[in-house]
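Undergrad: I have a structure here, written as structure tokens, and I will follow up with some questions on it.
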Amino acid sequence: MIDEMSLGLAPVAIAALIPVLSAALSDGMALIVIEQYVEVAITLCQRVLVLETGRVALESDSESLRQDPARLGELYLGDF
């Protein structure tokens, strides 16, 4: 499990971590990622769950979220 891996890191450090973790995943490692930056999470993970006040507000595969980012926008911003 990785909890907020980007917290306090420079963008260049985050960018360096992603290929390392991706390689570990390709080798069969299972990983749970808790991350505030959605793009980092959907880059690493096959499945994405978004929690809101302790409940699952959205569950999807990462590819679907890449193709339809408005789903996340609606969740974060509501109807406007």
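Undergrad: Can you tell me how many residues within the stretch 27-80 are in a loop (DSSP other than H, G, I, E, B), of a type in the set (Asp, Glu) and within 19 Å of Glu4 (Cβ to Cβ)?
TA: Final tally of qualifying residues: 1.
For every residue, the table says whether it meets (1) among the small types (Gly, Ala, Ser); (2) in contact (Cβ under 8 Å) with a residue 24 or more places away in the chain.
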| residue | (1), (2) |
| --- | --- |
| Ser22 | yes, no |
| Ile32 | no, yes |
| Gln36 | no, yes |
| Ala41 | yes, no |
| Leu44 | no, yes |
| Leu49 | no, no |
| Glu52 | no, no |
| Leu58 | no, no |
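Undergrad: So, one more: Looking at (1) in a helix (DSSP H, G or I); (2) modelled with pLDDT under 90, can you tell me which one Val12 breaks?
TA: Against the list (1) in a helix (DSSP H, G or I); (2) modelled with pLDDT under 90, Val12 comes up short only on (2).
Undergrad: Evaluate the following for Ser26: is it exposed (fewer than 10 other Cβ atoms within 10 Å of the Cβ), small (Gly, Ala, Ser) and at negative phi?
TA: yes
Undergrad: Sticking with this structure for a sec: Does Leu17 fit the bill of being surrounded by 11 or more Cβ atoms within 10 Å (Cβ to Cβ) and within 13 Å of the chain's Cα centre (by Cα)?
TA: no
The values are calculated or read from the model by the stated rules, or taken from the named source; none is laboratory data. Predicted model, so just to flag it, every value in this text is computed and none were measured. Cβ sites come from the backbone with ideal geometry, for glycine too, and all protein chains shown count toward neighbours.
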